[in-house]
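In what follows, a single structure is set out as structure tokens and then discussed.
The values are calculated or read from the model by the stated rules, or taken from the named source; none is laboratory data. Predicted, not measured: the structure shown is a model, and the values here were computed from it. Don't worry about glycine lacking a Cβ; one is built from the backbone with ideal geometry, like all the others, and counts go over all protein chains shown.
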Amino acid sequence: MESEQRVLTGWGRTAPTVATVVRATADELSSDEGLSTIVGDRGAIARGLGRSYGDPAQNGGGAVIELMPGSEPIRLDAAAGIAHVDAGVSLDVLLREIVPQGWFVPVTPGTRFVTVGGAVASDIHGKGHHADGSFGAHVVRMGMLFADGTRRSITAGTDPDLWWATIGGMGLTGVITDVSFRVIPVETRHFVVETRRVPHFDELVEAMETSDRNYRYSVAWIDLVATGKHLGRSVLSMGNHATVDDLREMKPGLAERPLDFDPRSFPDVPPGFPNVLPRPAVRAFNELWYRKTPKQHHGIESITQFFHPLDMVGQWTRLYGSHGFLQYQFVVPFDAVDTMRTIVARIADEGHASFLAVLKRFGAESGGLLSFPKPGWTLTLDLPAGVGGLDSLLTELDTLVLGVGGRHYLAKDSFATPEVVRAGYPRLEEWKAIRYGIDPHGVWASDQARRLQLI
Ligand SMILES: Cc1cc2nc3c(=O)[nH]c(=O)nc-3n(C[C@H](O)[C@H](O)[C@H](O)COP(=O)(O)OP(=O)(O)OC[C@H]3O[C@@H](n4cnc5c(N)ncnc54)[C@H](O)[C@@H]3O)c2cc1C
């Protein structure tokens, strides 16, 4: 095991704290010289690639565990359609391995740079949630390291309480060491994508309700600066996996090596962006982006173009200046669509410059006690941190969200309060009781867990 003192933040670069970061394999952690030698008064928490936006993978004054892959980190059982993957493996590494063999992950977020452990602990969702649900819905077995240093496998059948407390449990039930989950067979690494401009929020809602029946993946990029008759204008993007025949018909050049997957990154955004982006600049960017999109377009896109466009720009968070930024994501039930429209209008009227935000329809819940997705509309927006008036706007939005039975995403959170989480997650007390049962001495702890009184 290697360890060092390090300043850690989440992806939003707010709230830095210093922890002892330990890099170790699951075998090392469960040895006699393992977990017990790491954990002090402030406990320990697992960390993946730090792509959660706030502080769930930080533990100021305590230990943070970065799990190193073992000797055979990825095993694909093609006959069963199951991947067995060490939890520290990223979706980037995994996709490079399984796509050329004709398989795809059941869920990918907007970046490939998350670990499998982070995907389960946050029960992540992607563009396919309305059809496929969240990551946890595809997991069939997990290896775990517990607070007493022991390790064993669990399934939904053998340990139902622990299972549903761990999926979406933000690392607070133990370290997930390896995960077995269903993967999707694919003929190509491409998608048949339809993109269309939608001029107003109400039309967008209608268009998504209809198109989600025909497309496995969908999301709308929404302009949160536009007001009045342009309120909620969007670019709706919908797609299905492309077959080799689709490629032959639409882009024959790609049909020859349909499963090649070797994505590259582009240069970093340079440092030195201002802390407050002037609203006219954001308005101009959003206008340009909306106008450059054809009214309607049918084409072929790669995994990166369709799912991970931000991965093409290194260090893009620098666009938000040195104060960092926060992401705000919530879900409201389908019958609260009027509240969603009110929220979109409030953000646009308030004038906090947010680049493109994302609207999506969620499907069924996975069953995780602290899992975020539930049937309804979810909106995700980035906001530069440290801007006057932001706190009061978000507090007002919290009230609207909770008033209709909505909730906030813990993996994106850096602003919520214990009351907001209690109101949004009605099974929190049940989750706490299960957690206490397996970790009575409070070994697992994070900055977020303390801030939100999860432990
Ligand atoms: C550009 C971008 C786009 C994103 N898009 C989406 C999206 O579309 N949908 C979505 O759901 N999320 C999205 N996210 C959020 C991201 O998917 C989650 O925050 C994810 O959990 C990050 O994984 P990570 O490996 O970086 O975990 P970290 O951020 O390091 O940790 C997140 C949580 O997982 C826990 N954890 C990590 N590894 C383990 C382990 N081995 N055992 C137990 N617990 C563990 C940590 O303790 C922490 O609580 C996005 C993030 C970014 C930066």
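Of all the listed residues (T210, T195), the sole one being polar (S, T, N, Q) and in a helix (DSSP H, G or I) is T210.
Looking at L8, L29, just one residue is crowded, with 17+ Cβ neighbours inside 10 Å and under 22 Å from H441 (Cβ atoms), and that residue is L29.
Residues that are more than 7 Å from the ligand (Cβ to nearest atom), in contact with a helix residue (DSSP H, G or I) (Cβ under 8 Å, 6 or more places away or on another chain) and among the β-branched types (V, I, T) within segment 121-146 comprise just one, V139. For segment 222-243, state whether one or more residues are within 26 Å of L76 (Cα to Cα), outside any strand (DSSP E or B), without any contact (Cβ under 8 Å) to a residue 60 or more places away in the chain and assigned by TED's automatic domain parsing to the domain that holds G299. Yes, segment 222-243 has at least one match.
Taking (1) under 25 Å from F285 (Cα atoms); (2) away from the ligand (no atom under 15 Å from the Cβ); (3) modelled with pLDDT of 95 or more in turn, A348 satisfies each apart from (3). State whether the residues of segment 156-174 include one that is at pLDDT 95 or above, in a helix (DSSP H, G or I), within 9 Å of the ligand (Cβ to nearest atom) and closer than 21 Å to E429 by Cα. For segment 156-174, residues at pLDDT 95 or above, in a helix (DSSP H, G or I), within 9 Å of the ligand (Cβ to nearest atom) and closer than 21 Å to E429 by Cα: present. Any residue at all in segment 407-414 that is within 16 Å of the ligand (Cβ to nearest atom) and hydroxyl-bearing (S, T, Y)? Among the residues of segment 407-414, at least one is within 16 Å of the ligand (Cβ to nearest atom) and hydroxyl-bearing (S, T, Y), which makes the answer yes. Could you go through segment 331-348 and let me know if any residue there is under 17 Å from the mean Cα position of the chain (by Cα) and not acidic (D, E). Yes, segment 331-348 has at least one match. Among the residues making up segment 1-47, those that are within 12 Å of the ligand (Cβ to nearest atom), out of contact with any Leu (no Cβ under 8 Å at 6 or more places or on another chain) and part of a loop (DSSP other than H, G, I, E, B) are T9, G10, W11, R13, G43.
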